[in-house]
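Here is the structure we will look at, set down as C-alpha cells.
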Amino acid sequence: MQKNYLLLLAFSISTFCAVAQIDTLSQKDKLALDSMMKNDEFLKLMKDEAKSAVDVSIGFGNGAFSTDNKAANATGVTNQLIIMPSVLYRTKAGFSFGITGFLTNSTVNNKLELYQTGLSAAYDYYGDDVRTGISYTRFLSDKNKYNTKSLYENDIFGYVKKAKGAIQPGLSLGFANGNYKEVVFRSELVTYTVPFSFPRRDTTVLIAGYDSTNNKTSYFSLSANVSHDFSFYKVFSKDDEFDFTPSLIVNFGSDKLTVTHTNKIFDRLKLQRLQNKKQMELTNKFQVQSVAASFDFTYSVGKFFLQPNLYLDYYLPETSSQRLSTIFSVTTGFTF
C-alpha cells in the first residue's frame, strides 16, 4: 500500500512537471504569485523559521531610569553617559529573559561604576494584524548609597500596536516605583522665638549643611502614538536589512514623591518650622505631560545588529526647567 502511494505521488509530480513545460501560468496566477513574493512577511516565513536566540550587546546613551519607557526617562535626563552591557535570551514562543548592567562615572571619584542592574522578563506577540507585549524589570542597586540615578526598583511596561498600514496607531502603559536616597547642600534662614525670653523676641539663624533624605517615588504613564515601519533589504549587501520606524507620541502621566528628611537637625523641637517640613509629599495629577517624537533605526547583517534611537520630548505643563529633553541610545551586538 505504501509503495502504491509513493508511485502515485511520483506520477503526479512527473505529470505536473510535464504539463508545466507545455502550459504557462494564467495572468491571474502570475499576479497572485507576484503579490505573495512581494509580501515581506511571506518571504521571512519562507526564509526563517521561528527559533530561540541569544542577543549579546552593549549600548550607551543618557536614558537612566527605564529600559523600555522613554517617557519615564524624559523625567530626569542627565548629561552623564551611561554604558549598558546586556544579555537577552529570546524563545521562539515570544518570551524573553535578560540582564542589563548600567554603568556611569561616579560623582565621588569620577571612576566608572555599576550603579544598578536590571533583571527583565517579557512576552511579545507579533500577529498579522496586531503587535503587543508586556515586560517587567527589577532594578537592583545599593539602597544605602545616595543614588539619584536609580530612582525605581520596579518597572512595568506594556504596548499594543497595529501591525500594518500606512498609519499604525498604538498605545502603551507604564508604571514604575521605588525608593532612593539623596543628599544635597542646603542653606536656609530660619526665624524662631527664643525660649524663656521676656519680653518675647525672635531670632534668625542660618541653617546650612548637607541635607539627607529618604525618597519614595512612583510614576504612571499612558502614551498614544502613530508610527510607520519602513523596511529595506540588500542595502549594502545581499544579506542585510535596514528598518526605520518614526513615531509621533502624546504622553499622559502622573507622579508622586514622598521626601523624608533624615538630618538630626530636624529633630530639634525648637525649630518648629523645619519640623513641619520633615516629611513632604509632592504629587502631580494625571494630565497631558508632553508631546514627543521617536526615531528607531535597526541595521542587521548576518548575526550583527546596530540599533540607534533618538527621542525628543517637549514638556507641556508650566515649569521653570528646560522643556525639551533629548534622549539618545546606540546599541550594537550579535545574535546567536
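Which pairs do you get when a residue that is without any contact (Cβ under 8 Å) to a residue 24 or more places away in the chain, found in region 310-325, comes within reach of a residue that is loosely packed, with under 10 Cβ neighbours inside 10 Å and part of a loop (DSSP other than H, G, I, E, B), reach meaning Cβ atoms under 6 angstrom, with the pair 6+ apart or on two chains?
Correct list of pairs: empty, since none qualify.
Can you pull out the residues in region 41-69 that are more than 22 Å from GLY94 (Cβ to Cβ) and either out of contact with any strand residue (DSSP E or B) (no Cβ under 7 Å at 6 or more places or on another chain) or at pLDDT below 85 (or both)?
So in region 41-69, the residues more than 22 Å from GLY94 (Cβ to Cβ) come out as 58-65.
Answer for region 41-69, where residues must be more than 22 Å from GLY94 (Cβ to Cβ) and either out of contact with any strand residue (DSSP E or B) (no Cβ under 7 Å at 6 or more places or on another chain) or at pLDDT below 85 (or both): GLY63, ALA64, PHE65.
Does region 91-111 hold any residues that are modelled with pLDDT of 90 or more and open to solvent by 90 Å² or more (accessible area, probe 1.4 Å), and which are they?
LYS92, PHE95, PHE97
Within region 131-166, can you find the residues that are assigned to a loop (DSSP other than H, G, I, E, B) and either modelled with pLDDT of 95 or more or small (Gly, Ala, Ser) (or both)? Before the answer, list the steps.
Taking region 131-166 first, the residues assigned to a loop (DSSP other than H, G, I, E, B) are 141-145, 147-153, 163-166.
Correct list: SER141, SER150, ALA163, GLY165, ALA166.
Can you tell me which residue among PHE220, PHE242, PHE232, PHE236 is in a loop (DSSP other than H, G, I, E, B), modelled with pLDDT of 90 or more, open to solvent by 40 Å² or more (accessible area, probe 1.4 Å) and of a type outside the set (S, T, N, Q)?
Working: PHE220 fails: in a loop (DSSP other than H, G, I, E, B); PHE242 fails: in a loop (DSSP other than H, G, I, E, B); PHE232 fails: in a loop (DSSP other than H, G, I, E, B).
After ruling out the rest, the residue left standing is PHE236.
The values are calculated or read from the model by the stated rules, or taken from the named source; none is laboratory data. What you see is a predicted model, and the numbers here were worked out from it, not measured in a lab. A quick note on method: Cβ atoms are made from the backbone with ideal geometry, for glycine too, and the neighbour counts reach across all protein chains shown. Note: areas computed on protein heavy atoms with side chains; ligands, DNA, RNA excluded. Shrake-Rupley method; radii C 1.70, N 1.55, O 1.52, S 1.80 Å.
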